[in-house]
Amino acid sequence: MKVVILAGGFGTRISEESQYKPKPMIEIGGMPILWHIMKEYSYYGYNEFIVCAGYKQHMIKEWFADYFLHTSDITFDFTHGQNEMVVHNHHAEPWRVTVVDTGLHTMTGGRIKRVQPYVGNETFMMTYGDGVCDVDISKLVAFHKAHGKIATLTAVQQEQQKGVLDVGGDNAVRSFREKKASDGALINAGYMVLEPAIFDYLDGDACVFEQTPMEKLARQGELMSFTHRGFWQCMDNAREKAELEKLLEKKMAPWKKWED
């Protein structure tokens with residue numbers, strides 16, 4: 001099952017760093033948050049990724065192009081009049097990564113629509129490239145397969161400006177709307193599982209996935225929630241970045257289940 005990661009936005013709320021690089025490439029613990037998200041999925045055996053890039057998309061491509069060098073010890077030998085490179089103690093992830101330029105100003109639904117040829121006619125996962133979570137992805141996928149609906153999202157309870165969910169007793173999402181300051185409801189944390197039928201709900205680059213498509217899915221009873229009571233944190237600003245850094249420094253990062 002492929003994993004689609006939205007990584008094309010401008011990241012204006014953390015502009016002190018995103019003015020230089022795409023938000024998903026901002027580092028925590030010395031590695032981009034995008035890498036942390038991919039390591040989460042890889043821990044559960046999902047190693048094929050489609051990255052929906054946009055803003056400064058070349059930096060994402062270049063980072064993966066040099067990833068082998070980033071994670072290895074290298075000797076550059078110029079003594080024979082040429083550049084000979086010897087790789088020591090190399091480490092590579094078991095990943096297949098497709099980075100797609102989905103446009104500079106394309107909205108979330110439009111980005112997903114643009115990678116349809118790479119996804120194909122199969123169930124896939126999708127999440128945002130700026131948040132980490134300790135959700136059990138194997139249980140999330142099993143939940144999705146069991147209910148047979150088009151879409152499953154991971155729902156958490158946080159005081160954030162994210163989409164608000166009205167979830168029924170059968171875990172069906174009754175409605176979807178943008179959060180108000182007075183709400184204390186479950187919110188959409190991403191970490192979604194989607195059937196290929198989702199592409200029929202997406203129309204053009206201006207399509208915002210969290211608006212008309214998800215609202216329509218909810219009305220039709222095709223949107224389900226997998227409630228997660230554990231850790232989830234997006235990285236919208238410098239304060240949240242510092243909090244994630246602190247958890248990594250103290251070796252208390254709940255999403256980091258893999259070994260160094």
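Scan the range 105-147 for residues that are part of a loop (DSSP other than H, G, I, E, B) and in contact with a Ser or Thr (Cβ under 9 Å, 6 or more places away or on another chain) and the total you get is 2.
For the range 10-24, a residue qualifies if it is buried (at least 21 other Cβ atoms within 10 Å of the Cβ) and touching a Gly at 6+ places or on another chain (Cβ under 9 Å), and the qualifying residues are PRO22, LYS23, PRO24.
Here is a check on your reading of the model: is ASP205 touching a His at 6+ places or on another chain (Cβ under 9 Å) and over 20 Å from ILE26 (Cα atoms)? Judged against the criteria, ASP205 is a match. Step by step: first the residues of the range 207-237, then only those that are among the small types (Gly, Ala, Ser) and under 19 Å from the mean Cα position of the chain (by Cα), then the one that is nearest to VAL135 (Cα to Cα). Which residue is that? Among them, the one singled out is GLY230.
For the range 8-16, the criterion of a residue being modelled with pLDDT of 95 or more and within 15 Å of the chain's Cα centre (by Cα) is satisfied by no position. Scanning the range 120-152 for residues that are surrounded by 19 or more Cβ atoms within 10 Å (Cβ to Cβ) and closer than 24 Å to PRO32 by Cα yields PHE124, MET125, MET126, THR127, TYR128, GLY129, ASP130, GLY131, VAL132, CYS133, VAL135, ILE137. Of the helices (runs of 4 or more DSSP H) lying entirely inside the range 1-97, those containing at least 2 residues that are free of Cβ contacts under 8 Å to residues at least 40 places away in the same chain and more than 30 Å from THR123 (Cβ to Cβ) are 15-18, 57-65, 67-70.
Can you name the residue in the range 199-246 that is buried (at least 19 other Cβ atoms within 10 Å of the Cβ) and of a type in the set (Gly, Ala, Ser) and, of all such residues, is nearest to GLU16 (Cα to Cα)? My answer is SER225.
Could you check, for the range 100-111, whether at least one of its residues is aliphatic (A, V, I, L, M) and loosely packed, with under 10 Cβ neighbours inside 10 Å? No - not one qualifying residue is present in the range 100-111. Taking (1) loosely packed, with under 14 Cβ neighbours inside 10 Å; (2) at positive phi in turn, ASP73 satisfies each apart from (2). When the range 25-64 is filtered for residues that are within 18 Å of GLY131 (Cα to Cα) and of a type in the set (Asp, Glu), the ones remaining, listed by number, are GLU27, GLU40.
The values are calculated or read from the model by the stated rules, or taken from the named source; none is laboratory data. Being a predicted model, the structure only gives us computed values, none of them experimental. A quick note on method: Cβ atoms are made from the backbone with ideal geometry, for glycine too, and the neighbour counts reach across all protein chains shown.
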